[in-house]
Amino acid sequence: MLRLILQVKNKRLRVRQVSPHESLVHPKIWNNEIEFEYSADSDYMMAWTSLLPDLDSKDANRFLNMVGARYPMSENFLKLQAICPELTYPVDVPEWVFYGGTFNPWHKGHQACLNLLPEDLTCFILPDNSPHKELRELNPVVTILELSTKARFSQNQYLVPSFILNKKTNPTVEWIEVIKKRFPFQELSLLIGFDSLENLPSWTRVEDLLPLLKRLYVISRLEDDTRREMALKRIKDISSELEIIFLGRHEFEKLSSTELRSK
């Protein structure tokens, strides 16, 4: 069984493996797969992503499952909260921004989206299978390691593996509904590119999704004023209360994960 010491510092998870001769004072069990203890001491601990290369495939995936459960969009959030509330992400800011995608591969356009988002906003980066694309078999551990290596997250941006282990498409409306039910007063927003804004009317149950959202933060993607006005009208016809904020342009708008994969 994988044995870990865990600690949260500035809302970020830190970890170390338990040595073979070390005893846990107050051990807890996660899914009958991980024995762990929460510590207030962060000495000799590493960022949670740094542990993944040291684990075999099964243990790495089990650890991803546990880390994903820290966050309120996980189906296991309440379970982990009951076992060890210190590990779960604290609900202490009024707005959560979600940035989802396959990110296969992560590129400078994705990074530009994070860079344009105001730094005071809390943003969860959610690698996932897109319901609008062909389902691909991704290696969750490799995906998370790639993102943790290539992406640069600001103080309030968090890499969240809550969905990456699911081998199914995951429409946004389904998990947004779960979060809104658990936290009815929390403001929920999305960070998206303009191409996603244009395609938003085709999203699964978009008429149910948009009223649950407070804002859309939109990054330009080669659009002109006419396309922007048309996209805004289509969205406002579905939800007139939704606030849409355009964050600006960047030099990597032409980059596409699909084209990068083809090369």
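Derivation of every value follows stated rules applied to the coordinates shown; laboratory data play no part. Given the structure is predicted, the values throughout are model-derived calculations rather than measurements. Cβ placement follows ideal geometry from the backbone for every residue including glycine, while neighbour counts extend to all protein chains displayed.
Tabulated values for the structure
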item: Members of 9/58; 28/108; 150/233; 79/254 lying beyond 32 Å, as alpha-carbon distances in this model show; result: 28/108; 150/233; 79/254
item: On Cα atoms only, tilt of 140-150 relative to the major axis of the chain in degrees; result: 70
item: Residues in the stretch 175-213 that a label on residue 234 would reach, taking backbone N under 20 Å of a point 7 Å out along Cα→Cβ; result: 190-213
item: Which labelled figure in (1) 1.05; (2) 1.10; (3) 0.97 is Cα Rg over 2.2 N^0.38 Å, once derived from the coordinates; result: (1)
item: Full-extension gain in nm, residue 241 to residue 146, via 0.36 nm per residue minus C-alpha separation; result: 30.5 nm
item: Estimated FRET transfer efficiency (residue 28, residue 203; beta-carbon r; R0 45 Å; 0.05); result: 0.70
item: Charge dipole (debye, nearest 20) of the chain; +1 at Cβ of Lys and Arg, -1 at Cβ of Asp and Glu; result: 280
item: Estimated inter-spin distance, residue 154 and residue 249, nm [label 7 Å along Cα→Cβ]; result: 2.2
item: Whole-angstrom gap from the stretch 206-263 to the stretch 37-108, using each part's C-alpha centre; result: 28
item: Antiparallel content of DSSP bridges confined to the chain, in %, to 5; result: 30
item: Pairs of alpha carbons in the stretch 125-263 whose separation is greater than 24 Å (percent); result: 38
item: Loop-located trypsin sites (Lys or Arg not before Pro) in the stretch 194-262 whose Cβ has at most 10 other Cβ within 10 Å (DSSP); result: 254
item: Acute angle (nearest 10 degrees) that the helix 57-68 long axis makes with the longest principal axis of the chain, alpha-carbon atoms; result: 60
item: Most fluctuating residue given options 217, 89, 99, as computed from a GNM of the chain linking Cα atoms under 10 Å; result: 89
